[in-house]
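J.: This is the structure, below, for whatever I ask next.
The values are calculated or read from the model by the stated rules, or taken from the named source; none is laboratory data. Since the model is a prediction, treat every value here as computed from it, not as a measurement. Methodologically, a virtual Cβ is constructed for each residue, glycine included, from the backbone with ideal geometry; neighbour enumeration extends over all protein chains shown.
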């Protein structure tokens, strides 16, 4: 799911990347460790398919699985919790990914948003700060949107799906 939706949304150029949707679903249904495994493997496989320089970003997706799994274990998944998860991930993911992006790509990602990074650098911001701010802006849309889509999918799933994993739908959703 992460790989397919990541490729599709990238090709379409929409601000929702959805490359963490499978990680959030796995973390919510199965728990933090399986969510971390799904997220990590998604990035590693994508990196092997496309560019090995993408592999270090598995740490970002690992955090998505961990945070989603822990939050749902404690508070269940509701619309307000989805928004909170999205907001937290919109900061945590860039906090982890920006240093990786600086080390691997020099702070640029090859998109139109590099113009913003350059403008911020010319305006006196450090390359880290400029990249981090750009990443937070894009992650606000992506992570909140993905968390809400996760909530919608969790509500729509048959109780049988949850039972296949030894869970009850009521254990996960509020």
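J.: Taking interchain pairs and intrachain pairs at least six residues apart, which have beta carbon atoms under 7 angstrom, with the first residue in the stretch 24-49 and in contact (Cβ under 8 Å) with a residue 40 or more places away in the chain and the second not in a helix (DSSP H, G or I)?
T.: 28/77; 29/165; 29/167; 30/165
J.: Does residue 95 satisfy the criteria of being at pLDDT below 95 and within 18 Å of residue 132 (Cβ to Cβ)?
T.: No.
J.: Report, by residue number, each residue of the stretch 11-23 that is closer than 14 Å to residue 43 by Cβ and assigned to a helix (DSSP H, G or I).
T.: 21, 22, 23
Every residue, every condition in (1) without any contact (Cβ under 8 Å) to a residue 24 or more places away in the chain; (2) under 30 Å from residue 26 (Cα atoms), yes or no:
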residue: 72; (1), (2): no, yes
residue: 78; (1), (2): no, yes
residue: 81; (1), (2): no, yes
residue: 99; (1), (2): no, yes
residue: 102; (1), (2): no, yes
residue: 116; (1), (2): yes, no
residue: 120; (1), (2): yes, no
residue: 127; (1), (2): no, no
residue: 131; (1), (2): no, yes
